[in-house]
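First the structure, which I've put down as structure tokens, then a few questions once you've had a look.
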Amino acid sequence: MGKRGLTYLTPMVALVAVPAFTQDPYLLNLLITTGIWSTSVWGVRVIMSTGQLTLGHAAYMAVGAYASTLLTMKVGLSFWLAFPLAGLISSFIALLIGYPTLRIKGVYFSIITFAFAEIIRLIIVHWPSLLGGFGGIANIPAPSSIFSISFTSRIPFYYLILGISLLTYLVMVRVDKSRIGKIFSSIHESDTLAESIGINIMKYKVTAFCLGCFFAGLSGSFYAHYFNFTSPEFFTIWQSIYCLIFAIVGGAGSVWGPPLGSLFMTLVPELLRVAREYEPVIYAIILILIMFLLPGGLITLPDRLRGKQKKVH
Amino acid sequence: MTLSFFIQVFVNGLMLGLTYVLIASGFSLIYGIMRLLNFAHGEFYMLGAFATYLLCEHLGVNYFAALILSMVIIAALGVVVYRFFFRPFRDQHDPSLVIALAIAMLIGGLGLLIFGEKDKSVSPVFSGVIKVFGATLSQERMVVILMAIFLMVALTLYIKFSKTGQAMRAVAQDREAAALQGIGVDSTFTLCMAISSALAGAAGALLAPLFFVNPFLGMHAVLKALVVVVIGGLGSIPGAIAGGLLLGFVESFGNTFLGDITEILGFIMVMIVLLFRPQGLFGHG
């Protein structure tokens, strides 16, 4: 194993070993929250890699959360089946929305994702009999025991979200290195140019959108079953904006950007020990600083410190 | 449905629509000329309302003086935000949208910390009512309707006939060609930010006596503005006027006949317009 292998393996071993050193529920909760964010933010990044800014990612988290809540509570499916289904349902909704809307270029995609996200949120608010309305749905069951591991403490949840994040990471690395990833970035560089050399840009934009929303759905499903509660308040425009800015703060150019951004943005308000009201101000200041000083995101900080000016698109 | 009831709902719709027009016109102006979705526009509106509240309720300034002062203060703020935050990202599509979101979060967040989340109110300037065909219409609302119409006429005439207004349209059409004709693109953008922000300030000042004033107004307002300008056509002032009035009437009649679910209609209209006529009802292809 070379030096490269070690750089990937070290954080992995460290993350697996965390519960051996601390079982502090507060700390584990922070790491679990980071994992939930990362999974969703990876989705934003893959959509961004085709040059589209989504302002409605929270809607697909909501679809995942409510789909898996209904599948477990009303249909009686096990979490282990409802969880992948939640991802697929989010992805399917993204296909229905993405297919007609992705042909519209530029800023219109951002607007339509936002409008659709508000529609989803308002449907939840105005359909209390099925979706719980404003008050949300409580008592969502935790995942059932599997391999004699029962989900009664935070540790199994920690390993579950770690596994989900690892899986997402591997998919993202695979996409980046494959032909599809190259096509995504060619569309990002110039969609007219990509189209002129015979790339079906619609097909790839829809693929990226569905893939991104699949992970939003998984993240939403885990969220609901971890907190045992889901409500439209979790899935406002703010949640969508946070997904976007976490990706930018971490660095959308790298696959490590989303988890780094999610970790950083989860830890900073905690470390500053400030009330929740300060969160938007802190996030805004961080985002502005990043945009002026480190446009490639935090992930480019080591290169910047070493004086290498790597160009990031 | 009696005539008086109809008139009541109609005037409510007109009132609501003009509210949206006031907020959306400045937002649309910025997009039309600078190609920027200025998410901070709603926060300028919120600050305009707070400026009026502070001037009237704490400093005892006359309401109409407060209206003018709020417009000036918010215009100055808009210019500052443009110079320091928007200009560095001027020709970059996505970063300019993100920096506008960041500024919106910053102003909204600071507003919450400074003013607190409690609703404030500005005492009404006019308290009488007018009876038209049996419908009761408050004078306050009539004044807002007239002021909104006045501002929109002034804005339209300014853009159409003044030299600087024509310069704005030239920059909107073709930035390079306009620059070659000796039009300062940067000064045009600065002026455009000032006018747009002044309109947001005016909207805040005009609506402050009608609604409660709180720091959450901004995000709500900019999202409504987004809906309005997409329906009317991004970047078009007549589009913002038509889109605003249309949304106002749809919401007013919808609330009367359909109830709460009406709030979803605006977003459905956005989706339909973008799918079938992405340039908006009044935009050019």
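The values are calculated or read from the model by the stated rules, or taken from the named source; none is laboratory data. On a predicted model such as this, the values are computed, not experimentally measured, just so you know. A quick note on method: Cβ atoms are made from the backbone with ideal geometry, for glycine too, and the neighbour counts reach across all protein chains shown. For the accessible areas, the whole protein counts, side chains as well, though only heavy atoms, and no ligand, DNA or RNA atoms are used. Shrake-Rupley method; radii C 1.70, N 1.55, O 1.52, S 1.80 Å.
List the aspartates and glutamates whose Cα lies under 20 Å from the Cα of A:K205, skipping any in the same chain that are fewer than 8 positions away.
Excluding near neighbours in sequence, the set is A:D176, A:E189, A:D191, A:E195, B:D94.
Round to the nearest 0.05 the FRET efficiency obtained for A:V268 and A:L96 when R0 = 35 Å and r is the Cβ-Cβ distance.
E(calc), rounded to 0.05, equals 0.40.
Rounded to the nearest whole Å², what accessible area per residue is found for the protein assembly as shown with the 1.4 Å probe?
43 Å²
Using the Cα centre of the protein assembly as shown as the reference point, and only Cβ charges (+1 on K/R, -1 on D/E), how large is the resulting charge dipole? Debye, rounded to the nearest 20. Can you show the working numbers first?
Values: 35 positive and 24 negative charges, 283 e Å.
That gives the protein assembly as shown a dipole magnitude of about 1360 debye.
Got a sec to turn the phi values of the range B:190-195 into Karplus ³J(HN,Hα) couplings, 6.51 cos²θ - 1.76 cosθ + 1.60 with θ = phi - 60°, whole Hz, x for Gly and Pro?
Karplus-based 3J(HN,Hα) across the range B:190-195 equals 4, 4, 5, 5, 5, 5 Hz.
If you don't mind, there's one more thing I want to ask. With a 1.4 Å probe, how much accessible area is buried between chains A and B, both sides summed, in Å² to the nearest hundred?
Numbers: alone 15730 and 13600 Å², together 25840 Å².
Adding both sides of the contact gives about 3500 Å².
Hey, another quick one. What three numbers, in Å, describe the spread of the alpha carbons of chain B along their principal axes, ordered from the longest?
59, 48, 35 Å, listed from the longest principal axis down.
Ratio of the range B:185-285's C-alpha Rg to 2.2 N^0.38 Å, to two decimals?
It is 1.19.
Quick check: at a probe of 1.4 Å, how many percent of the accessible area of the protein assembly as shown sits on carbon and sulfur atoms?
Working: 17530 of 25840 Å².
Solvent-exposed carbon and sulfur of the protein assembly as shown make up 68 percent of the total.
Can you tell me the equivalent ellipsoid semi-axes for chain A? Use √(5λ) from the Cα gyration tensor, largest first, whole Å.
Equivalent-ellipsoid dimensions as semi-axes: 29, 25, 19 Å.
Specify the residue with the greatest mean-square fluctuation among A:H126, A:H188, A:H225, computed from a Gaussian network of chain A linking alpha-carbon atoms under 10 Å apart.
A:H126
Could you name every residue in the range A:36-56 that has 40 Å² or more less accessible surface in the full protein assembly than in its own chain alone (probe 1.4 Å, ligands and nucleic acids excluded)?
A:L53, A:L55
Let's test this: bin the Cα-Cα distances of the range B:1-115 at 10 Å from zero up to the farthest pair and state each bin's percent.
For the range B:1-115, the binned pair fractions read 13, 35, 30, 16, 6, 1 percent.
Pick from A:A216, A:A58, A:A20: which is most flexible by mean-square fluctuation in a GNM of chain A where alpha carbon atoms under 10 Å apart are linked?
Judging by the Gaussian network model, the answer is A:A20.
Once Rh is set to the Kirkwood radius over Cα pairs, what Stokes-Einstein translational diffusion coefficient, in µm²/s, holds for the range A:166-296 at a temperature of 20 °C and a viscosity of 1.002 mPa s?
Estimated via Stokes-Einstein, D reaches 127 µm²/s.
When the Cα centres of the range A:26-79 and the range A:142-188 are compared, how far apart do they sit, in Å?
Between the Cα centres of the range A:26-79 and the range A:142-188 lies a distance of 11 Å.
Okay, moving on. With springs only between Cα atoms under 10 Å, which of B:A177, B:A225, B:A100 fluctuates most in a Gaussian network model of chain B?
B:A177
Averaging over every viewing direction, what projected area does the convex hull of the Cα atoms of the range B:160-201 cover, in nm²?
Its Cα hull, projected and averaged over all orientations, spans 2.9 nm².
Sticking with this one: Please list the radius of gyration and Dmax for the range B:48-108, considering alpha-carbon atoms only, with Å as the unit.
When restricted to Cα atoms, the range B:48-108 yields Rg and Dmax of 14.8, 44 Å.
Any idea what log10 I(q)/I(0) is at q = 0.10, 0.11, 0.13, 0.16 Å⁻¹ for the range A:1-115, Debye with uniform C-alpha scatterers and no solvent?
-0.47, -0.56, -0.74, -0.95
How far is helix B:265-276 tilted off the main Cα axis of chain B, in degrees rounded to 10, range 0 to 90?
40 degrees
List for the range A:260-298: residues with 20 Å² or greater reduction in accessible area, all protein chains versus chain alone, probe 1.4 Å?
A:E277, A:Y278, A:P280, A:V281, A:A284, A:L287, A:I288, A:M291, A:F292
For q values of 0.07 Å⁻¹, compute log₁₀ I(q)/I(0) with the Debye formula on a Cα-only model of the protein assembly as shown, without solvent.
For the requested q values the scattering log ratios are -0.45.
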